[in-house]
Amino acid sequence: MTNGNTYFLRNNDRSPRGRQDRAVGRRLIAVGWVLRVGGAVLGLGSVFVAQACVRHLLEGTSHQGGWLLALLVCVPVFFLGWCGFALGRVWAQSGRRHTAEILDPLRAAHSAGHVLYLRPFDLDQVMSAMPLELSGGGAGAANLFFLSGRTQEEDMVRRFRRLGRVLAIGRPGEVLPEAGAERMYVADDEWQRVVSGLIARAGVVTLSVGTGRGTVWEFMESLRVLPPERLVLLIYCDRTAYDEFRAVVAEQCALPEYPPPARPERPRWEVLMNGGRKRLLWDFALKGVIVFGPDWQPRFVRFDPSTLRVPSVFSVRKLLRRELDPVLDRLKALPARR
């Protein structure tokens, strides 16, 4: 019986290793990049040509029929470019799943100093998705071709990898491992022993909050065997789900309340400059992190988009660096575990 989070697998031979094909994966990655680059060239080119056509049509210059025809041609070229770009993202991601590292649980269980990534398995659907809009909620046809090809999990792993190898338990029954953390697969009667050992020897444990029994057990086990400054809670959920988790673990650990927006109300000029209130509803996939002091005193570090006057790719990156980098620097400074 599974609960949506525990690591049930009847035997380790059901690892998806046999379904991986590294040669196919490398080809998918290469073709994916070609499609992305080619699609971006077509798409961006059609956008710039269309803008020039509209400008000439509005100015009433000569050869109006030619400019109108060119504008009409830009429409299918744009969609052809977008289809190629989008397909390239998907194929490259599929290729990375074929080439993802699958670990021997017996060897991985004796590693030390790693970053352990724990999460409810139903979060994998969210974490395996690629962004469909620019960070900051950027709009515009041209911006589509600047979307990242990394999944949410790959983006998280990229940030925490500076602290060590990022390990995770693979979801039972998955056809291929998700791209991101290095995965291992364990039997249903072994998962708690394996995870407990991985927690005890981890340099850092990152745990995405959730109310599944497995997630709650992992949090309790982290409280039991892990120094407090080595635990980081990842808040990928909304306020309601976080409050549910907070209530479940309240007897063991008093977690802070979900911080309200720093600026819930925006001036009218700011709403207009951001393209309307709907765009101002944009939020990070990773809403924030909770870190702990030596006495298990928690601190909620919220990545609050309401602090940005005009969200953009650059201002969002600056906000993340300002809030997350000190957390990572503090974790990096911890003594190495052997």
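Per-residue ellipticity at 222 nm for the chain, helices alone: DSSP H runs ≥ 4 residues times -39500 (n - 2.57), over residue total, nearest 500 deg cm²/dmol? Please report the intermediate quantities before stating the final value.
Working: 11 runs with 155 residues, N = 338.
Value at 222 nm, helices only, nearest 500: -15000 deg cm²/dmol.
Take the alpha carbon gyration tensor of the chain, find the square roots of its eigenvalues, order them as a ≥ b ≥ c, and report rounded if a/c is under 1.5; if not, report prolate when a/b exceeds b/c, else oblate. Each step should come with its number before you reach the end.
Numbers: a/c = 2.70, a/b = 1.54, b/c = 1.75.
In terms of gyration-tensor shape, oblate.
Among Val77, Val301, Val115, determine the one that fluctuates most according to a GNM of the chain built with springs between C-alpha atoms less than 10 Å apart.
Looking only at Val77, Val301, Val115, the biggest GNM fluctuation is shown by Val77.
Over the stretch 102-183, what is the relative contact order in whole percent, taking alpha-carbon pairs under 8 Å and six or more residues apart? Write out the running numbers ahead of the final one.
Details: 85 pairs, mean separation 31.3, N = 82.
Answer for the stretch 102-183 is 38 percent.
I need Trp217, Trp191 ordered by Cβ neighbour count within 10 Å, fewest first.
On the way: Trp217 17, Trp191 20.
Ordered from fewest to most neighbouring Cβ atoms within 10 Å, Trp217, Trp191 come out as Trp217, Trp191.
Rounded if a/c is under 1.5, else prolate if a/b is larger than b/c, else oblate: which is the stretch 63-160, with a ≥ b ≥ c the root eigenvalues of its Cα gyration tensor?
Because a/c hits 1.5 or more and a/b exceeds b/c, the stretch 63-160 counts as prolate.
Rounded to the nearest 5, what % of DSSP beta bridges with both residues in the stretch 100-332 are antiparallel? Please list the in-between numbers first.
Working: 9 of 24 bridges.
Percentage antiparallel, nearest 5: 40.
With r defined as the distance between the Cβ atoms of Cys83 and Gln125 and R0 fixed at 35 Å, what FRET efficiency is calculated, to the nearest 0.05? Can you show the working numbers first?
Details: r = 24 Å, r/R0 = 0.67.
Given R0 = 35 Å and the Cβ-Cβ separation, E is 0.90.
Could you check which residue among Arg22, Arg201, Arg165 shows the biggest mean-square fluctuation in a GNM of the chain with a 10 Å Cα cutoff?
Taking springs between Cα atoms under 10 Å, the residue moving most is Arg22.
Can you put Arg36, Arg27 in order, fewest other beta carbons within 10 Å first? Spell out each step's value before the answer.
Values: Arg36 21, Arg27 14.
Listed from fewest to most nearby Cβ atoms, that is Arg27, Arg36.
Using a Gaussian network for the chain with springs between C-alpha atoms less than 10 Å apart, which of these wobbles most: Ala262, Ala187, Ala129?
Comparing Ala262, Ala187, Ala129 in the GNM, the peak value goes to Ala262.
Along the charge dipole of the chain, Cβ charges K/R +1 and D/E -1, which of Ala112, Val248, Gly66 sits furthest on the positive end?
Highest projection toward the positive end goes to Gly66.
Rounded, prolate or oblate, given the Cα gyration tensor of the stretch 101-236, with a/c below 1.5 counting as rounded?
Values: a/c = 1.99, a/b = 1.78, b/c = 1.12.
Prolate.
Ranking Met130, Met156, Met220 by Cβ neighbours within 10 Å, fewest first, what do you get? All intermediate terms of the calculation are to be shown ahead of the outcome.
Details: Met130 17, Met156 23, Met220 13.
So the ranking, lowest neighbour count to highest, is Met220, Met130, Met156.
Can you list the residues, at least 5 places off or on another chain, whose amide H is less than 5 Å from the amide H of Leu118, using H built in the peptide plane?
Thr206, Leu207, Ser208
At Glu251 and Asp188, where each label point lies 7 Å from the Cα along Cα→Cβ, what is the point-to-point distance in nanometres?
Result for the modelled spin labels: 2.7 nm.
Out of Pro298, Ala30, Gly95, whose Cα points farthest toward the positive end of the dipole of the chain (charges: +1 Lys, Arg; -1 Asp, Glu; placed on Cβ)?
Checking the options against the dipole of the chain, the answer is Ala30.
Read the figures in this text as sums done on the coordinates, not as results from a lab. This structure is a prediction, so every number in the text was calculated from the model and none was measured. Note: ideal-geometry Cβ built from the backbone for every residue, glycine included; neighbour counts use all protein chains shown.
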